[in-house]
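Novice: What follows is a single structure, and I will ask about it in a moment.
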Amino acid sequence: MARSALAADDTGVTHFRLRPGKRSPFSHRHTRAEEVYVILSGSGKVKLGEEIAAVRPLDAIRAAPEVARPFEAGGDGLEFLAFGPHHRGDGEPVDDRWIE
């Protein structure tokens, strides 16, 4: 999270890069924080709850707090930013067979 580097108290931004054909190493959700993901390059899929959708550059994806959200890179990899508020202890891992 770049929250500290930006001296931001309540907002965070994180850069993610997935290699071609790889999925997120974990799935998670929040109790309070919604997140917005912006695809920078590549292509792939995002799983929001039980729904899977294709993603491509400049797509913006909103993830409601209670919705689990792993990603999968296509053949050209996937690079994206995640933006959201910081609430200490708010995130929790979710067991999801899709990422195994």
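Novice: Which condition does ASP59 not pass, out of (1) farther than 14 Å from PRO20 by Cα; (2) within 10 Å of the chain's Cα centre (by Cα), if it passes all the others?
Specialist: So ASP59 meets the others, but not (2).
Conditions tested, residue by residue: (1) closer than 14 Å to PHE16 by Cα; (2) touching a Phe, Trp or Tyr at 6+ places or on another chain (Cβ under 8 Å); (3) part of a loop (DSSP other than H, G, I, E, B).
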| residue | (1), (2), (3) |
| --- | --- |
| VAL67 | no, no, yes |
| GLY75 | no, no, no |
| PHE83 | yes, yes, no |
| PRO93 | no, yes, no |
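Novice: Consider VAL46 against the criteria (1) open to solvent by less than 80 Å² (accessible area, probe 1.4 Å); (2) in contact with a helix residue (DSSP H, G or I) (Cβ under 6 Å, 6 or more places away or on another chain): it satisfies all of them except one. Which criterion is unmet?
Specialist: Single failed check for VAL46: (2).
Novice: Tell me which residues, restricted to the range 79-100, are of a type in the set (D, E, K, R) and open to solvent by 50 Å² or more (accessible area, probe 1.4 Å).
Specialist: Listed by number, the residues that qualify are ARG88, GLU92, ASP95, ARG97, GLU100.
Novice: Inside the range 59-78, can you point out the residues that are crowded, with 17+ Cβ neighbours inside 10 Å, among the charged types (D, E, K, R) and over 13 Å from VAL36 (Cα atoms)?
Specialist: GLU72 - this is the single residue of the range 59-78 that is crowded, with 17+ Cβ neighbours inside 10 Å, among the charged types (D, E, K, R) and over 13 Å from VAL36 (Cα atoms).
The values are calculated or read from the model by the stated rules, or taken from the named source; none is laboratory data. Because the structure is a prediction, the values reported are computed rather than measured. Heads up, the Cβs are rebuilt from the backbone with ideal geometry, glycines too, and the neighbour counts pull from every protein chain shown. The protein model used for the area step is the full one, side chains on, heavy atoms only, and it has no ligands, DNA or RNA in it. Shrake-Rupley method; radii C 1.70, N 1.55, O 1.52, S 1.80 Å.
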